[in-house]
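See below for the structure under consideration.
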Amino acid sequence: MKVNTKRTTGVSASTVAALMLAVFTVSVGFGVVLPLLPYLIERLLGAGVEAAQVSRHTGLLTAVYTLSLFLFAPLWGRLSDRRGARGVLLVGLLGFGVTMLVFSFVESLAAVYAERFLSGLFAAAVTPVAAAAIGNFTTTEQGRARRLAFVSMAGISGFLLGPMLGVFVTRFAADFFTLAMPAGSAAIPLAATALLALLVASAVAFAVPGGKGHDRSQKNAGAAADKTAWLVPKLLILTFIVSAGVGVFEVGLALRGKQELGLTPYQIALMFTECSLVMFAMQAIVFSPWFKPDTTRWLIAPALAVLAAGLFLVPQASDFTLMLVVIGAVAASAGVLSPILTYWISAKAGSAQGWQLGKQTAAASLGITLGSAAGGLLYDVAALPGASFILAAGLAALGLLLSLGLPHLLVLRNSCSRPVSA
């Protein structure tokens, strides 16, 4: 019998590139807006606005965006399972582009709240659906693992580059077109992001297949029959725990750097840059050709242990150098866990890729929202210094206990058919 040795993953390079660009775009949109919000709020509220008001509205506007992701990501994911990924991605990108364009003209705080909710609604149609498309269209485990990591890395790149791209585009437009923009105006970077979303939507329309991909229901039929139907909910809980830890970590990092260590804005920015770069590098490594996807299940518990230890040690880091070491440990563990959890949820989702990965986006959004809130509210608890970090470390330790039996249960079906590397 002739063996077909054609190396194929069922998804073209152009499709992967379009999906990565889609996720990159919504991440850039979030990254562009976040540092501009305080200045925009100050301009809209007028002279004499208190710093506390600016901080409160900044936090609430960010929470509105993540709340919208939490509410709508599973619904968009289920729709993509029924109708295919391309149509949902197009609606998400076009809607996101329109809301960003409208955002560049709004002149009231109420309109900003409405825009943040709508932007989150349409962004929820992009990230989980792009991951679901990878799960549906990829035919080998190695190919799916690597491409899911690529999509995740595109999201990190967008968030990391968003603020810098916003500044660059604003300066370029001001110099080249001699535009005079009012202080705190976000019109140019928002309009540029809207244009990017529309261009990427065109790429998705041509590059992403219109069908629903491969039906994995038969391949994963054994998963429902071997009493492991609870695996995906457990992975979703771990996603929430990791995201909550990251939320506490990011807010606490900024507060500790400024209020306790007396770091400069440049040093604080450097810490966040290190965090993003380490996460990016770890995601590139964990699903590189050096690792088989099936073996990544053994990394979940050790990564959670490192995450718990790192969060616990953040309040103990007494200077900038020690903070960089601790940040590296937390970022590395989160960077390992995020793509691994996404991969195994996809591997166990069967034909419900959009629904399950949408729920993962919802779990991550809820974790970030609650973690960020806890990081701010519990930071100054006098009775327990570093309370937010200790709480997050305890939550990560609980996740470690929850994950101890996973390697023996997370086993790929049809293991006799060896996957080929992409």
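Just checking, does the range 137-145 include any residue being open to solvent by 10 Å² or more (accessible area, probe 1.4 Å), within 26 Å of residue 278 (Cα to Cα) and in contact with a Pro (Cβ under 9 Å, 6 or more places away or on another chain)? Within the range 137-145, one or more residues are open to solvent by 10 Å² or more (accessible area, probe 1.4 Å), within 26 Å of residue 278 (Cα to Cα) and in contact with a Pro (Cβ under 9 Å, 6 or more places away or on another chain).
Condition check ((1) at pLDDT 85 or above; (2) surrounded by 19 or more Cβ atoms within 10 Å (Cβ to Cβ); (3) of a type in the set (Asp, Glu)) across all residues:
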position: 219; (1), (2), (3): no, no, no
position: 229; (1), (2), (3): no, no, no
position: 232; (1), (2), (3): yes, yes, no
position: 243; (1), (2), (3): yes, yes, no
position: 256; (1), (2), (3): no, yes, no
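Within the range 84-107, restricting attention to residues that are out of contact with any Phe, Trp or Tyr (no Cβ under 7 Å at 6 or more places or on another chain) and free of Cβ contacts under 8 Å to residues at least 40 places away in the same chain, the residue that is least open to solvent (accessible area, probe 1.4 Å) is 106. When 192, 187 are checked against the criterion of being modelled with pLDDT under 80 and over 22 Å from residue 362 (Cβ atoms), 187 stands alone in meeting it. Of the conditions (1) in contact with a helix residue (DSSP H, G or I) (Cβ under 9 Å, 6 or more places away or on another chain); (2) free of Cβ contacts under 8 Å to residues at least 40 places away in the same chain; (3) not in a helix (DSSP H, G or I), residue 11 satisfies every one except a single condition; which number is it? It fails just one condition, (2).
The listed residues are 372, 415, 421, 351, and the only one of them that is under 15 Å from the mean Cα position of the chain (by Cα), at pLDDT below 85 and open to solvent by 20 Å² or more (accessible area, probe 1.4 Å) turns out to be 372.
Of all the numbered requirements in (1) surrounded by 18 or more Cβ atoms within 10 Å (Cβ to Cβ); (2) modelled with pLDDT of 80 or more; (3) not in a loop (DSSP other than H, G, I, E, B), residue 125 misses one, and that requirement is (3). Residues in the range 37-66 that are among the hydrophobic types (A, V, I, L, M, F, W, C), at pLDDT below 75 and either farther than 18 Å from residue 110 by Cα or open to solvent by 30 Å² or more (accessible area, probe 1.4 Å) (or both): 47, 49, 51, 52. Residues in the range 320-327 include at least one that is under 17 Å from residue 243 (Cα atoms) and in contact (Cβ under 8 Å) with a residue 40 or more places away in the chain. Among the residues of the range 62-118, just one is part of a loop (DSSP other than H, G, I, E, B) and closer than 21 Å to residue 353 by Cα, namely 84. Scan the range 25-70 for residues that are farther than 22 Å from residue 197 by Cα and either free of Cβ contacts under 8 Å to residues at least 24 places away in the same chain or out of contact with any Ser or Thr (no Cβ under 9 Å at 6 or more places or on another chain) (or both) and the total you get is 17. Among the residues examined, residue 334 does not qualify as at pLDDT 90 or above, within 14 Å of the chain's Cα centre (by Cα) and open to solvent by 10 Å² or more (accessible area, probe 1.4 Å).
The values are calculated or read from the model by the stated rules, or taken from the named source; none is laboratory data. Worth saying up front: this structure is predicted, and the values here are computed from it rather than measured. Here the Cβ is made from the backbone with ideal geometry for all residues, glycine too, and neighbour counts use every protein chain on show. We work out accessible area using only protein heavy atoms, side chains counted, and drop any ligands, DNA or RNA first. Shrake-Rupley method; radii C 1.70, N 1.55, O 1.52, S 1.80 Å.
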